[in-house]
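Bear in mind that the values in this text are calculations on the coordinates, not laboratory data. Keep in mind that this is a model prediction, so the values were computed, not measured. Cβ atoms come from the backbone with ideal geometry, glycine included; neighbour counts cover every protein chain shown.
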Amino acid sequence: MRAWLAWLLWLGGAGCALCLAVGALLVALHLHQDDPVLPWVTWVLRAADALVLGRVIDLGRAAAEEEVVVSWGLAALGYLAVGTLTARLARV
């Protein structure tokens, strides 16, 4: 039972980290504009923005893209670290 709980905790952290990393990649590739060909882009960006816990960054500014990439990348590492740490604590 603990191993399964640990796996679920790790999977949750990894899923959040993946969403943030994909969101940062989309912003870095300038795919953050509304594109009717890629409707899932808006969903990923909104989910990544929610995972940063309310730190809204206006993408209209010049330096905003770099700020988003750095903050979402660091948040992805944080979610991955917290997911791994809680999974290890759940196994103990």
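Residue by residue, segment 3-11 carries 3J(HN,Hα) couplings of 5, 5, 5, 4, 5, 5, 5, 5, 5 Hz when phi is fed to the Karplus relation 6.51 cos²θ - 1.76 cosθ + 1.60 (θ = phi - 60°); x denotes Gly or Pro.
Simple spin-label estimate for H30 and A3 gives 5.0 nm between the two label positions (7 Å along the Cα-to-Cβ direction from each Cα). Across segment 71-80, rounded Karplus estimates of 3J(HN,Hα) from the backbone phi angles (6.51 cos²θ - 1.76 cosθ + 1.60, θ = phi - 60°) give 5, 5, x, 5, 5, 5, 5, x, 4, 5 Hz, Gly and Pro being marked x.
Packing order of peptides 43-49, 85-91, 19-25, highest average first: 19-25, 43-49, 85-91 (average count of other Cβ atoms within 10 Å over each peptide's residues).
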